[in-house]
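Taking it in order: structure first as structure tokens, then the write-up.
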Amino acid sequence: MEQFFQQVVNGVMVGSSYAIVALGFGLTFSVMHVLNLAHPETAMVGAFAAFVVATLFTTNLLVVIPLAVLAALLAGLLIERLAIRPTRGRHILTSFIATGGLSIVMQNGAQRIFGVDPVRVAVQVEGVQTVGGVIASNMQLMTFGLAVAMMVGARYYVRNTRWGRATRAVSEKHEVAQALGVDINRVSQLTVGLSTAMAGAAGVSLALLHSQATPFMGAIFGTKSFVCMLVAGNRHIEGIMFVGILLGVLEALVAGYISASLRDMVAFGILVLVLYLRPAGIFGSYEHD
Amino acid sequence: MPLADISLAYWNTVLIFAGYIAIITLGQYVSMSSGSLSVAHAAMAGAGAYTGGLLTRDFGAPLPIAMLGGALVGFVFGIVLGFLSVRLHLLVAGLMTLAYSEVMVVVAFSLDYLGGANGLTGVPALTSFWLVYLMLAVLVLAIWRYDTSRLGYAARACRDDPRAAAAMGINVAWVKSLTFALGAAVAALGGVLRIHYTLVETPDGLGFYQGMNFLILAVFGGSYVVWGAVFGGFTLTVLPEILRFSAADRYILYGAVLTVIIIVRPQGVITRVPLGADGGARWAWRLRKRLMARLVAGGAKRPGEER
Amino acid sequence: MSALLKVTGLHVAYGPARVIHGVDLEINSGEIRALLGANGAGKTTILKAILGLVRAAQGAIEFPEGRLVRGLPPHKIAALGIGWVPEGRQVFSTLSVYDNLLMGAFNEHDQQKVQQRIEEMYKLFPIIETRRGQIAGSLSGGEQQMLAIARALMSAPTLLLMDEPSLGLAPRLVRDVFELVRTINQRGVSILMVEQNARQALRVANWAYLLEGGHIVGSGTPTQIEQSDAIKRAYIGRQAS
Ligand SMILES: Nc1ncnc2c1ncn2[C@@H]1O[C@H](COP(=O)(O)OP(=O)(O)OP(=O)(O)O)[C@@H](O)[C@H]1O
Ligand SMILES: [Mg+2]
């Protein structure tokens with residue numbers, strides 16, 4: 001039983017990262033109707049930014065994390081300008097390829113700069129917390145806290161701010177919103193910026209947990225966060241969080257009790273089953289109009 | 001060995017690659033003609049490759065039988081997947097194909113009979129340059145005919161407006177599944193040709209990233225006309241070879257070219273609109289010409305540098 | 001009197017399909033003008049071109065006269081004081097009624113003014129006040145139409161573009177809507193109204209244009225239009241049944 005709870009805890013920690021990447025994926029999709037394939041790559045940018053800062057300047061987390069998130073955000077703004085804005089309103093596959101091209105550029109660019117092998121991100125957080133035999137490292141708890149803070153922040157922004165309201169309006173009827181005075185390019189920037197900042201937080205979390213960063217680490221998030229987004233539907237931020245964390249837990253359980261190599265497949269299987277029963281996603285539809 | 005020979009052998013290899021990749025992309029095109037979104041065609045090609053490889057290696061079947069067997073397996077997988085995803089939203093159906101690919105990867109990975117992580121090896125070399133291009137020509141012709149056939153029109157009706165198609169009396173589920181399966185069969189055929197040239201098929205080749213690649217090839221070339229698929233499959237295979245830098249550099253350029261061209265010509269490079277009809281087309285045409293010039297010059301100047 | 005909005009030689013195309021062929025129209029301060037025409041004549045397209053939502057291939061759009069707005073992004077055109085009541089209401093159905101109103105005043109930074117306008121809207125549309133916390137998608141069609149009008153008025157526009165405000169409403173509500181159009185106009189808002197309901201529209205308008213296949217085929221006072229052959233051919237004849 002202890003082992004079971006340990007797996008669940010580990011799963012929640014990893015799943016919270018999936019969740020914030022998926023959340024950004026879903027936010028960009030539902031607002032701009034664009035599939036940003038370069039989105040997971042911004043997580044990689046965050047991880048490498050953490051590496052650079054930690055190696056060259058300081059290992060103080062209060063510096064490392066904000067700078068990493070900022071780097072991902074800037075990368076996101078660049079993606080927005082280069083591949084999302086020009087493909088807005090066109091067929092979804094157009095944005096798919098435009099951002100896909102950028103994702104190839106980013107992966108190989110990182111490889112060019114940092115090499116193929118993982119680089120070491122030397123930031124330590126000491127200590128563990130034990131509750132009834134279940135262990136969580138302080139590092140795990142910190143990254144979990146970061147993910148939760150990001151989700152709460154995103155939710156607050158979308159629900160309770162002026163631009164958040166405009167974002168929801170654009171997501172629903174962009175022409176009307178524009179005619180009411182909303183600058184859609186601004187919404188696009190804010191949405192992609194927020195989304196990629198969250199991905200950056202996930203990337204730096206992963207880099208800190210595993211003490212390393214690799215050029216192709218975005219792929220770890222890519223498919224899984226895409227799956228989370230589709231399964232959850234994009235009506236509710238809570239839905240995406242829930243599915244992301246659930247996926248992390250399921251993976252941890254399957255890896256712990258059955259076999260590590262089956263991990264990806266069983267998670268996929270369960271998710272497809274869910275989709276088959278509820279084609280619109282568990283929490284609502286991502287079809288528009 | 002004289003330089004010219006290396007260069008020739010090298011380009012022979014590249015062109016054979018381009019040929020079967022164009023065939024698999026044609027499969028993608030056929031499946032997409034009824035409006036499906038698929039990242040499963042790498043897995044379909046893989047299924048064909050494993051099937052064909054086993055047939056020739058363990059059962060001593062001749063290549064035509066292997067091709068037939070591979071295509072049949074692709075068709076069966078395609079029809080099952082097609083029926084499973086027909087009532088789903090486009091993106092969810094895309095996810096189904098993604099899940100299918102990942103399952104295929106795991107299956108190939110865990111069955112020792114299929115070679116596990118090392119992949120299927122020991123397959124005889126049966127594919128030649130001429131065979132690949134003969135098959136490509138036959139398939140282009142057949143698919144060209146398909147485009148103007150009843151099934152082809154029905155498929156496009158399903159793609160453009162499934163509700164209207166159903167109202168016209170078209171059995172949308174059947175047409176979509178059938179065309180998806182036909183495309184899967186074509187991709188599987190490409191896979192059979194591939195394994196008898198590369199002599200190995202590994203599980204990684206079946207996954208999402210490879211599948212996405214074929215989707216990109218088809219959409220990039222233009223998914224509304226058969227030449228688009230051939231053009232996309234062909235140029236995007238040859239392009240990285242022309243861009244003779246380090247592997248990372250050429251993929252950086254490759255990605256950038258993809259992004260730029262799809263923005264300039266969102267409908268794909270080849271469309272029914274004749275080239276030169278608008279600025280974007282002329283631009284892409286000029287770019288192509290420049291690339292062709294480099295192909296000739298680059299091939300002769302620094303031969304056999306890669307691989 | 002100088003025109004508030006002046007459109008000259010407007011051409012619009014959706015890709016290869018040319019829809020508007022050289023339309024001229026204008027509206028003076030304080031007027032109500034009607035743009036009439038059959039389905040597919042291009043009425044909505046003209047409004048969207050004025051708003052910058054579809055790109056005009058050719059022509060000049062001045063608002064107010066002398067100031068060229070063609071080519072500006074929609075949010076900048078809106079900021080000049082044009083309100084829009086889109087065809088088919090188009091309220092933000094997942095936002096609350098209150099949030100819909102706030103969206104209407106998106107670029108008004110003075111919170112006091114915003115609250116004041118909301119109070120005005122509540123006075124004009126008492127039904128909206130009782131539904132303010134509700135999701136707009138749950139309103140009835142008529143209520144949604146009121147909300148769409150209120151939302152457009154929240155920006156305190158000088159010109160209001162109304163696209164078939166009476167569409168799909170019960171006869172009683174139709175009368176109310178046209179009454180409302182008058183009221184709004186009396187508060188100093190000029191109105192360009194697209195309507196299928198030609199009779200009613202001609203009753204409130206002081207000038208009307210007749211659009212057919214993307215061409216203006218007639219214009220004049222309501223009496224002139226009512227008596228013209230063009231309108232019988234294009235429009236009323238089909239409606240009068
Ligand atoms: N987005 C679009 N793409 C292509 N064609 C369009 C588009 N929107 C409108 N059209 C075409 O332009 C023409 C004019 O359309 P518009 O909506 O302006 O007509 P309308 O006069 O408002 O008609 P209705 O009274 O039915 O609202 C129609 O033939 C329509 O099919
Ligand atoms: Mg209209």
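The values are calculated or read from the model by the stated rules, or taken from the named source; none is laboratory data. As the structure is a computational prediction, the values presented were derived from the model and not from experiment. Cβ: placed from backbone, ideal geometry, glycine included. Neighbour counts: every protein chain shown. Each accessible area value is taken on the protein alone, full model and side chains, heavy atoms only, with ligands, DNA and RNA left out. Shrake-Rupley method; radii C 1.70, N 1.55, O 1.52, S 1.80 Å.
Quick look at the numbers
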item: In region B:108-122, the residues that are crowded, with 17+ Cβ neighbours inside 10 Å and within 14 Å of chain A (Cβ to nearest Cβ); result: B:108, B:109
item: Among (1) farther than 30 Å from residue A:253 by Cα; (2) touching a Phe, Trp or Tyr at 6+ places or on another chain (Cβ under 6 Å); (3) surrounded by 24 or more Cβ atoms within 10 Å (Cβ to Cβ), the one test that residue A:40 misses; result: (1)
item: Residue pairs meeting the criteria (Cβ under 9 Å; at least 6 apart or on separate chains; first more than 7 Å from chain B (Cβ to nearest Cβ), in region A:81-107; second of a type in the set (Lys, Arg)); result: A:95/A:88
item: Inter-residue pairs, beta-carbon under 7 Å, first more than 14 Å from residue C:149 (Cβ to Cβ) and in region C:114-128, second open to solvent by less than 40 Å² (accessible area, probe 1.4 Å) and in a loop (DSSP other than H, G, I, E, B), 6+ apart; result: C:114/C:105
item: Residue among C:101, C:80 that alone is surrounded by fewer than 16 Cβ atoms within 10 Å (Cβ to Cβ), away from ligand 1 (no atom under 16 Å from the Cβ) and among the aliphatic types (A, V, I, L, M); result: C:80
item: Given (1) more than 12 Å from every other protein chain (Cβ to nearest Cβ); (2) out of contact with any Gly (no Cβ under 6 Å at 6 or more places or on another chain), index of the condition residue A:216 fails; result: (1)
item: Yes/no for residue C:73 being more than 16 Å from ligand 1 (Cβ to nearest atom) and in the same structural domain as residue C:163 (by TED's automatic domain parsing); result: yes
item: Residue C:89 vs. criteria basic (Lys, Arg) and within 11 Å of chain A (Cβ to nearest Cβ); result: yes
item: Residues of region C:146-164 classified as more than 14 Å from chain A (Cβ to nearest Cβ) and part of a helix (DSSP H, G or I), total; result: 1
item: Residue ranges of strands (runs of 3 or more DSSP E) in region C:165-241 with at least 2 members open to solvent by less than 20 Å² (accessible area, probe 1.4 Å) and at pLDDT 90 or above; result: C:190-195, C:207-212
item: Single residue of C:128, C:184 found to be touching a Leu at 6+ places or on another chain (Cβ under 7 Å) and within 25 Å of residue A:168 (Cβ to Cβ); result: C:128
item: Criterion (open to solvent by 50 Å² or more (accessible area, probe 1.4 Å) and under 14 Å from the mean Cα position of the chain (by Cα)) met by exactly one of B:182, B:141, B:134; result: B:182
item: Residue B:151 being away from chain A (no Cβ under 14 Å) and either in a helix (DSSP H, G or I) or farther than 28 Å from residue A:227 by Cβ (or both); result: yes
item: Test result for residue C:89, within 23 Å of residue C:39 (Cβ to Cβ) and of a type in the set (Lys, Arg); result: yes
item: Qualifying residue in region B:55-67 (condition: assigned to a helix (DSSP H, G or I), more than 10 Å from chain A (Cβ to nearest Cβ) and closer than 23 Å to residue B:172 by Cα); result: no
item: Residues that are surrounded by fewer than 20 Cβ atoms within 10 Å (Cβ to Cβ), touching a Lys or Arg at 6+ places or on another chain (Cβ under 9 Å) and under 24 Å from residue C:200 (Cα atoms), drawn from region C:6-62; result: C:24, C:26, C:38
item: Qualifying residue in region B:187-197 (condition: within 13 Å of chain A (Cβ to nearest Cβ) and in a helix (DSSP H, G or I)); result: no
